[in-house]
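Readers should treat all values here as calculations from the given coordinates under stated rules, not as data from a laboratory. Note that the coordinates shown come from a computational prediction; the quantities given were computed from them, not determined experimentally. Cβ sites come from the backbone with ideal geometry, for glycine too, and all protein chains shown count toward neighbours.
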Amino acid sequence: MVSTHCTRDVVTGQRHEPLAEAAQRMRDRHVGDLVIVDNMDDRTPVGMLTDRDIVVGPVAQAAEHFNELTIGDVMSTPAITVRESDGLDSALSKMQSHGVRRVPVVDGTGSLCGLLAVDDVIRHVTAELGKLVTLQATGEEREFVRRP
């Protein structure tokens with residue numbers, strides 16, 4: 001399930017915030033994205049702001065206006081979300097169909113409760129592959145002990 005693999009400490013922002021402050025928050029918190037919410041109480045995701053949105057958009061196209069922009073001017077909408085009860089396969093399919101590497105995770109009420117990134121899935125798959133390698137090696141060792 002998505003809830004097992006997502007990051008729970010999600011950095012958020014709001015549309016009205018200056019883009020420069022958002023970029024600084026991303027740097028300070030060592031994240032590549034902010035989940036944008038309109039209301040900090042119910043935390044329903046309305047969009048995403050990624051480091052790529054900033055660099056490919058305003059920095060590359062009109063850097064002289066960067067300090068005039070807000071998150072709402074640059075963020076991607078709508079927020080593509082997955083439910084914490086979704087399976088990883090379903091979440092990956094949704095991410096693939098929308099061409100996104102990160103998705104906000106919402107609870108049953110639609111409130112933000114996590115973030116699932118491709119990196120989270122890669123860590124899971126790598127761990128599972130490690131188990132298979134160990135299983136293979138253990139099987140070979142046991143066979144060698146039983147049948148020298």
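The table for this structure:
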read-out: Segment Asp9-Asp51, length gained on full extension (0.36 nm per residue, minus Cα span); value: 13.3 nm
read-out: MRE, 222 nm, helices only [DSSP H, n ≥ 4, -39500 (n - 2.57), over the chain, to nearest 500]; value: -12500 deg cm²/dmol
read-out: Peptides ranked, highest mean first, by Cβ atoms within 10 Å: ranges 91-97, 115-121, 33-39, 23-29; value: 33-39, 115-121, 91-97, 23-29
read-out: Rough spin-label spacing in nm, given labels placed 7 Å along Cα→Cβ, for Asp38 and Asp119; value: 3.1 nm
read-out: Crossing angle, helix 118-146 versus the chain [Cα axis fit, 0-90 degrees, rounded to tens]; value: 10 degrees
read-out: Burial ordering of Cys6, Cys113, fewest other beta-carbon atoms within 10 Å first; value: Cys113, Cys6
read-out: Cβ-defined net charge surrounding Ser76, 14 Å radius [Lys, Arg +1; Asp, Glu -1]; value: 0
read-out: Residues of the range 93-122 with amide N under 11 Å of the 7 Å Cα→Cβ point at Ser85; value: 107-109
read-out: Cα-based helix-to-principal-axis angle, 88-98 vs the chain, degrees rounded to 10; value: 40 degrees
read-out: Neighbour-count order for Leu69, Leu49, fewest beta carbons within 10 angstrom listed first; value: Leu69, Leu49
read-out: Unit Cα scatterers, Debye sum, the range 2-146: log10 I(q)/I(0) for q = 0.09, 0.13, 0.15, 0.21 Å⁻¹; value: -0.36, -0.62, -0.77, -1.25
